[in-house]
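Since the structure comes first, as structure tokens, the remarks are kept for the end.
The values are calculated or read from the model by the stated rules, or taken from the named source; none is laboratory data. All figures in this text were calculated on a predicted structure; none of them were measured in a lab. Ideal geometry is used to build each Cβ from the backbone, glycine not excepted, and the neighbour counts take in all protein chains shown. Ligands, DNA and RNA are stripped out before the accessible areas are found, and what is left, the full protein with its side chains, is counted by its heavy atoms. Shrake-Rupley method; radii C 1.70, N 1.55, O 1.52, S 1.80 Å.
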Amino acid sequence: MSASADNNRSTTVEVITIGDELLLGFTVDTNAAHLARALASIGVHISRRTTVGDDAGAISQAVAEALERSQGVITTGGLGPTSDDLTKPSIAALFGREMVLDEAHLAWMDERWRKRFNRPLPTTNRAQAMMPAGAVKLENHHGSAPGIWLEDERARWVAMLPGVPREMRGMLADTLLPRIQERVAADTVVRSLTIRTTGVAESLLADEIVEMERDVGGLGVALAYLPSVSGVDLRLTVRDLAPSVANEALSRAAALVRQAASEWIYGEGEDDLAAIVLDLCRSRRLTIGVAESCTGGLLGARLTAISGSSDVVLGGVIAYHNDVKRRRLGVEESVLREHGAVSEEVVRQMASGARAITGARVGLSITGIAGPNGGTPEKPVGTVWMGTDVDGAVEAQVLRLWGDRHEVRERAAQWTLDFLRRRLMDGVSLPERQANKA
């Protein structure tokens, strides 16, 4: 094997996530995604991801095949105390190692258990102190199951981590990443930057920024479109570059994206639109009252999910029935009768009503047809009106949303937050955008 091939094998690993619950779909595999991001930060690539169930043969076969392709393998799951936790003995057998008891770890677990539950350690937990002979124990400061580093005579290694996400992430940062970084000594990195957009369909966004995409590619930066119910994330990625070069390329590419897609961008990375809106309101000493019909509380839930939101969000009303719109929000009966509940006139009065009954400076309102029933030729499913009343200045906008009931409701809440964000950012009225039409 050539030197370049050896270097490639040393900077690539395979990940094997273990558990029947993953294969059956009862648990979403977040561990593999976190591992990919963390390893990329030190210049290590994941060349393949595999998921197997709680079966000794399947675990052993997956690890053996991975070691033929890559110098290192990371597994998650199967280190617990019960009969379906088979990772350690399966891999130990593959390496020709017997299982031995780590007396010190057993004593530590017993002491920990007695302090917490005032009783001796259950017999089944003894399995967590069993280690493959010759293995290195990876300390777990977040749970009872230690991680394991096992290496063969060809310097191929397997790192076994718990499947509990909190424990896995803690051990990865505390123990495994530094160990891999020392071993690999990579002088390049894989880095990504995510720019978040909303209020625009993926295809329309792609059409609008196609010229910019070519310029980004010329910088050696890959652009990926990541659509979801709440919007389209634009992920920029550079690979196999020195850290300073990678940072410069990402910075230049991000500037191009921001210029081309500025109309729809609201944040970066893990930014939450609700948190951004709350911060804007705080900076302007604004408070919020909410009135919702078709979203049934989703808008209020988005806002109050953010810690500390109580200094901005005063309260709200779920005005599903027209009687509630009239009695609680002051929507006029004649307006409901003439224009219907899903209309500009009604959403404007709902926004003002939310502001009035809560004493807030900002009223937010939503009314619409989420489906699958209730649509008409004039107002098809997905027709949603959103309203904002900021210190008595009322604006409204109609949306033509797409998707099932869940998606329409989620998009309505997200885009109403963006409606307010835009008003607070520039203070001008929003035109109805093509982005609203799928």
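Flag not set for Thr295, criterion: in contact with a strand residue (DSSP E or B) (Cβ under 9 Å, 6 or more places away or on another chain), closer than 19 Å to Ala360 by Cα and polar (S, T, N, Q). Determine whether Val312 is of a type outside the set (Gly, Ala, Ser), over 20 Å from Gly382 (Cβ atoms) and under 33 Å from the mean Cα position of the chain (by Cα). It is true that Val312 is of a type outside the set (Gly, Ala, Ser), over 20 Å from Gly382 (Cβ atoms) and under 33 Å from the mean Cα position of the chain (by Cα). Checking each residue in the stretch 99-141 for being without any contact (Cβ under 8 Å) to a residue 12 or more places away in the chain, out of contact with any Pro (no Cβ under 9 Å at 6 or more places or on another chain) and of a type in the set (Lys, Arg) picks out Lys115, Arg116, Arg119. The stretch 151-264 holds helices (runs of 4 or more DSSP H) entirely within its bounds, and those carrying 1 or more residues that are among the hydrophobic types (A, V, I, L, M, F, W, C), closer than 16 Å to Thr11 by Cα and open to solvent by less than 30 Å² (accessible area, probe 1.4 Å) map to 177-184.
Can you find a residue in the stretch 95-108 that is hydrophobic (A, V, I, L, M, F, W, C) and open to solvent by less than 10 Å² (accessible area, probe 1.4 Å)?
No, that holds for no residue.
For first residues located in the stretch 363-392 and within 11 Å of Val408 (Cβ to Cβ) and open to solvent by less than 10 Å² (accessible area, probe 1.4 Å), partners that are in a strand (DSSP E or B) and among the hydroxyl-bearing types (Ser, Thr, Tyr) and lie 6+ apart or on another chain with Cβ distances below 9 Å form the pairs Val384/Thr367.
Could you list, in sequence order, the residues of the stretch 265-304 that are outside any helix (DSSP H, G or I), aliphatic (A, V, I, L, M), surrounded by fewer than 22 Cβ atoms within 10 Å (Cβ to Cβ) and over 22 Å from the mean Cα position of the chain (by Cα)?
Leu286, the sole residue that qualifies.
Of the residues making up the stretch 405-438, those that are open to solvent by 40 Å² or more (accessible area, probe 1.4 Å) and modelled with pLDDT of 95 or more are Arg405, His406, Glu407, Arg409, Glu410. Only a single criterion out of (1) open to solvent by 10 Å² or more (accessible area, probe 1.4 Å); (2) at pLDDT 95 or above; (3) under 26 Å from Gln181 (Cβ atoms) is not satisfied by Ile16, namely (1). Being out of contact with any Phe, Trp or Tyr (no Cβ under 6 Å at 6 or more places or on another chain), among the small types (Gly, Ala, Ser), free of Cβ contacts under 8 Å to residues at least 12 places away in the same chain and in a loop (DSSP other than H, G, I, E, B) is the requirement here; does Ser307 meet it? Considered against the rule, which asks whether it is out of contact with any Phe, Trp or Tyr (no Cβ under 6 Å at 6 or more places or on another chain), among the small types (Gly, Ala, Ser), free of Cβ contacts under 8 Å to residues at least 12 places away in the same chain and in a loop (DSSP other than H, G, I, E, B), Ser307 comes out as yes. The single condition among (1) open to solvent by 20 Å² or more (accessible area, probe 1.4 Å); (2) in contact with a helix residue (DSSP H, G or I) (Cβ under 7 Å, 6 or more places away or on another chain); (3) among the β-branched types (Val, Ile, Thr) that Val324 does not meet is (2). Of the residues that make up the stretch 26-38, is at least one at pLDDT below 95 and farther than 27 Å from Gly269 by Cα? Checking the stretch 26-38: at least one residue is at pLDDT below 95 and farther than 27 Å from Gly269 by Cα. Residues of the stretch 48-69 that are open to solvent by less than 70 Å² (accessible area, probe 1.4 Å) and either in contact (Cβ under 8 Å) with a residue 40 or more places away in the chain or assigned to a strand (DSSP E or B) (or both): Thr50, Thr51, Val52, Ile59, Ala62, Val63, Ala66, Leu67.
Being within 30 Å of Arg405 (Cα to Cα), under 24 Å from the mean Cα position of the chain (by Cα) and not hydroxyl-bearing (Ser, Thr, Tyr) narrows it down to one of Ala206, Ala255, Ala222, Ala246, so name that one. Unique residue meeting the criteria: Ala206. Having 3 or more residues that are of a type in the set (A, V, I, L, M) is the bar; report the strands (runs of 3 or more DSSP E) wholly within the stretch 77-139 that clear it. Strands (runs of 3 or more DSSP E) meeting the threshold: 99-101.
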